[in-house]
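Working notes, beginning with the structure itself.
The values are calculated or read from the model by the stated rules, or taken from the named source; none is laboratory data. Everything numeric in this text was worked out from a predicted model, so none of it was measured. Quick reminder, even Gly has a Cβ in these numbers, built from the backbone with ideal geometry, and neighbours come from all protein chains shown.
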Amino acid sequence: MNAPTPPFERTLHRAACHAATSRGRRIAEAPSPMRDDFQRDRDRIVHSTAFRRLVYKTQVFLNHEGDLFRTRLTHSLEVAQLARSIARALGLNEDLCEAIALAHDLGHTPFGHAGQDALDECVRASDPASAGFEHNFQSLRVVDSLEERYPSHDGLNLTFETREGILKHCSLRHARELEEQEPGGVGQRFIDRTQPSLEAQLCNLADEIAYNAHDIDDGVRSGLIEYEQLLELAPFADVHRQVLTDHPGVTGRRLLFEVIRRTLSRHVHDVIDTSARNLERQRPVDADAARAGPSLIALGDALGPELAEVKAFLRARLYRHPRVVATTDGARQVVRDLFHAYATDPGQMPAPHAARAPLQQTVVDYVAGMTDRFALREHVRLKGPGAASALLGIV
Ligand code: MG
């Protein structure tokens, strides 16, 4: 049922995923005359409801804190851009990378990680036997079941390869649940402890590189990180000196952007060089051989620890900044209140949700799907005016 091989596929690395040899969709479909299966996946994701919600979902800063901070949507676009650039250089499948990158955060709750942690606590507290809430698993639920866009089936009916990439992490419990419904499917690699496709490996790394770079930018923009603090990190200090040598007297945002731009380029070039060497050494003969071997898409020995250092810096200086912690504590409370309100009175959810079973899963899907601002509006409706704004420190 696959479309004919487009000419560009002949230039792909032999261990790349080829649309013509995709493991296919869960429900067979006729090929498109114009697009291959990964291009169709990407287009379905862009047209989905969950994708449009990403614009009002928090990355680090809550949606109402400023118009210029990253949202889940702009983060996903940056991941897609990085993944496509690296894929092109390595001969991996750009369209598959774009589909994975654009969908990778579809399952994120409102209010970023704070919302996810709160929802996970609620699920575990109300059902100790449950596997809890995981946003990667939820992203898969969105594309497999929750999107309602087709007359004959739930979900977007994406290919195995896109779904494999979306399920970046998965607990053993959830993996076993998936295996029961779909033996040998996307849950299997977490049981076998094997790698996903090279494109999925690449999107994981592009995600990490993207958020480390843009969180530095947003952190400085917010005033929570001082530019001078960045220079405590040796790699930033080096790049800072190079920029001032090339552009004496440059200051402010132009200096910051140039330092971030060059740092990002170093990471991208390092992934390309390191991964090209790994592919050359390992010589996987096809996509399945790449899945069976070690992870090949990676940063080199020098830049891997450097990225970890940036991550640790962001954790200490931004994610655990008292101002960020204060708003995330409030956000956690909003999610907890919403979960309990719907779980005790399902009639508070709109009719199609209220009628679904099992109740706990329905509440999780409903709350996880919310944007930041819809969650706040619901909190005001259920808990009275002022409650959400007081919790989030806004007037
Ligand atoms: Mg992400």
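Observations on the structure shown:
- Residue within segment 357-375 that is at pLDDT below 90 and of a type in the set (Gly, Ala, Ser) present: yes
- Scanning segment 122-133 for residues that are at pLDDT below 95 and under 18 Å from the mean Cα position of the chain (by Cα) turns up nothing.
- One residue alone among GLY185, GLY219, GLY249 is away from the ligand (no atom under 16 Å from the Cβ), over 18 Å from the mean Cα position of the chain (by Cα), within 18 Å of ASP41 (Cβ to Cβ) and not hydrophobic (A, V, I, L, M, F, W, C), and that residue is GLY185.
- Within segment 161-187, tally of residues that are part of a loop (DSSP other than H, G, I, E, B) and in contact (Cβ under 8 Å) with a residue 60 or more places away in the chain: 2
- Criterion violated by ALA89 - all others in (1) modelled with pLDDT under 95; (2) assigned to a helix (DSSP H, G or I); (3) more than 16 Å from the ligand (Cβ to nearest atom) satisfied: (1)
- Selected residue [in a helix (DSSP H, G or I), at pLDDT below 90, surrounded by 15 or more Cβ atoms within 10 Å (Cβ to Cβ) and of a type in the set (A, V, I, L, M)] from VAL324, VAL334: VAL324
- In the set ARG88, ARG149, ARG70, ARG53, only one residue is on the phi < 0 side of the Ramachandran plot and without any contact (Cβ under 8 Å) to a residue 12 or more places away in the chain; that residue is ARG88.
- Residue within segment 258-265 that is of a type in the set (Lys, Arg) and surrounded by 15 or more Cβ atoms within 10 Å (Cβ to Cβ) present: yes
- Lone unmet requirement of (1) small (Gly, Ala, Ser); (2) closer than 21 Å to ARG377 by Cα; (3) within 16 Å of the ligand (Cβ to nearest atom) for GLY66: (3)
- Pairing residues of segment 277-289 that are more than 13 Å from PRO196 (Cβ to Cβ) and of a type in the set (Gly, Ala, Ser) with residues that are at pLDDT 95 or above and surrounded by 13 or more Cβ atoms within 10 Å (Cβ to Cβ), at Cβ distances under 8 Å and at least 6 apart in sequence or on separate chains, gives ALA289/ALA15.
- Selected residue [surrounded by fewer than 22 Cβ atoms within 10 Å (Cβ to Cβ), among the basic types (Lys, Arg) and in a loop (DSSP other than H, G, I, E, B)] from ARG84, ARG35, ARG53: ARG35
- When residues of segment 188-222 are limited to those that are charged (D, E, K, R) and touching a residue at least 40 places away in the same chain (Cβ under 8 Å), the one surrounded by the most Cβ atoms within 10 Å (Cβ to Cβ): GLU199
- Meets criteria (within 15 Å of the ligand (Cβ to nearest atom), part of a helix (DSSP H, G or I) and touching a strand residue (DSSP E or B) at 6+ places or on another chain (Cβ under 6 Å)) for VAL79: no
- Enumeration of residues in segment 241-265 that are under 25 Å from LEU68 (Cβ atoms) and among the basic types (Lys, Arg): ARG253, ARG254, ARG261, ARG262
- Selection from segment 56-76 of residues that are in a helix (DSSP H, G or I) and not basic (Lys, Arg): TYR56, ASN63, HIS64, GLU65, LEU73, THR74, HIS75, SER76
- All conditions in (1) crowded, with 21+ Cβ neighbours inside 10 Å; (2) farther than 20 Å from GLY107 by Cα hold for LYS311, with the sole exception of (1).
- Of all residues in segment 327-376, those satisfying the criterion of being acidic (Asp, Glu) and in contact with a helix residue (DSSP H, G or I) (Cβ under 7 Å, 6 or more places away or on another chain) are ASP337, ASP365, ASP372.
- Residue in segment 191-202 that is under 18 Å from the mean Cα position of the chain (by Cα) and either among the β-branched types (Val, Ile, Thr) or at pLDDT below 95 (or both) present: no
- Complete set of residues in segment 56-73 that are crowded, with 22+ Cβ neighbours inside 10 Å and either among the acidic types (Asp, Glu) or touching a His at 6+ places or on another chain (Cβ under 7 Å) (or both): LYS57, GLN59, ARG72
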